[in-house]
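**Student:** Before anything else, here's the structure in question.
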Amino acid sequence: MIKDENILLKLKYADLSKSRTSDYIFDWDVMISFEGNTAPYLLYAYTRINSLFQKAGTNIDSLNDAIVLDTINDTLLAKQIILFPEVIDTVALKAAPHMLCTYLYELAGIFSSFYESCPVLNQEDLSLKLSRLKLAKMTSRILELGLSLLGIKTLKRM
């Protein structure tokens, strides 16, 4: 019996991220990788966003400002965020959790590109800074909810 919760979540995510109709190849190295569609990659993205809020010294629940789509990366992240309800409906209708895994992986990747190319904490325009923090907040909440729906607890730090 496996007692380490970290190992269990990696196995669980690896199982759920594959279509039930495709061949399954067990590869431990892939499961524990911080690259690709893996639990560690998504958990790292989630913890990275949380550290962003710690550095900002901002209460994420107090962000109620409008979202400003200033760059293509702002827009791409916002578009991915608004797909979440549709993805959940599709996952439920098709009983296909791998579709949620794919969506979360894409969301984390888009957020990573957004974070690398769009200044958040160093943004001088306050409305743009708050907008980007709000996009990060929404991304964090979707990652947390999506992983929770898959039975995976998020971590505050890694």
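**Student:** Suppose we filter Val91, Val68, Val87 for residues that are assigned to a loop (DSSP other than H, G, I, E, B) and either modelled with pLDDT of 90 or more or surrounded by 14 or more Cβ atoms within 10 Å (Cβ to Cβ) (or both); which single one remains?
**Tutor:** Within the list Val91, Val68, Val87, the selection yields Val68.
**Student:** Among the candidates Asp65, Asp74, Asp61, which residue alone is within 19 Å of Lys156 (Cβ to Cβ) and of a type in the set (D, E, K, R)?
**Tutor:** Numbers: Asp65 fails: within 19 Å of Lys156 (Cβ to Cβ); Asp74 fails: within 19 Å of Lys156 (Cβ to Cβ).
One residue alone meets the criteria, Asp61.
**Student:** Hey, another quick one. Scan Ile32, Ile60 and give me the residue that is under 23 Å from Ser113 (Cα atoms), surrounded by fewer than 16 Cβ atoms within 10 Å (Cβ to Cβ) and at pLDDT below 85. Lay out the reasoning, then the answer.
**Tutor:** Numbers: Ile60 fails: surrounded by fewer than 16 Cβ atoms within 10 Å (Cβ to Cβ).
Going through Ile32, Ile60 in turn, just one is under 23 Å from Ser113 (Cα atoms), surrounded by fewer than 16 Cβ atoms within 10 Å (Cβ to Cβ) and at pLDDT below 85: Ile32.
**Student:** Next up: Consider segment 66-78. How many of its residues are without any contact (Cβ under 8 Å) to a residue 12 or more places away in the chain and within 14 Å of the chain's Cα centre (by Cα)?
**Tutor:** 0
**Student:** Can you name the residue in segment 104-134 that is at pLDDT below 95 and hydrophobic (A, V, I, L, M, F, W, C) and is also nearest to Asp70 (Cα to Cα) among such residues?
**Tutor:** Among those that are at pLDDT below 95 and hydrophobic (A, V, I, L, M, F, W, C), it is Leu128.
**Student:** Counting only residues that are free of Cβ contacts under 8 Å to residues at least 60 places away in the same chain and assigned to a helix (DSSP H, G or I), which one in segment 121-131 is farthest from Thr154 (Cα to Cα)?
**Tutor:** Applying the filter and picking the extreme gives Leu126.
**Student:** Could I ask something else about it? Exactly one of these conditions fails for Lys153: (1) touching a residue at least 24 places away in the same chain (Cβ under 8 Å); (2) assigned to a helix (DSSP H, G or I). Give me its number.
**Tutor:** Only one criterion is unmet by Lys153, namely (2).
This table checks each residue for (1) within 11 Å of the chain's Cα centre (by Cα); (2) over 24 Å from Lys55 (Cα atoms).
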{"site": "Leu83", "(1), (2)": "no, yes"}
{"site": "Ala96", "(1), (2)": "no, yes"}
{"site": "Tyr103", "(1), (2)": "yes, yes"}
{"site": "Ala108", "(1), (2)": "yes, no"}
{"site": "Ser117", "(1), (2)": "no, no"}
{"site": "Asn122", "(1), (2)": "no, no"}
{"site": "Leu133", "(1), (2)": "no, no"}
{"site": "Leu145", "(1), (2)": "yes, no"}
{"site": "Gly151", "(1), (2)": "no, yes"}
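**Student:** Looking at segment 58-96, which of its residues are in contact with a helix residue (DSSP H, G or I) (Cβ under 6 Å, 6 or more places away or on another chain), under 23 Å from Ser148 (Cβ atoms) and of a type outside the set (Val, Ile, Thr)?
**Tutor:** Leu63, Leu77, Gln80, Phe84
The values are calculated or read from the model by the stated rules, or taken from the named source; none is laboratory data. From a predicted model like this one, the values you see are computed outputs, not experimental measurements. All Cβ positions, even for glycine, are placed from backbone atoms using ideal geometry, and neighbour counts span all protein chains on display.
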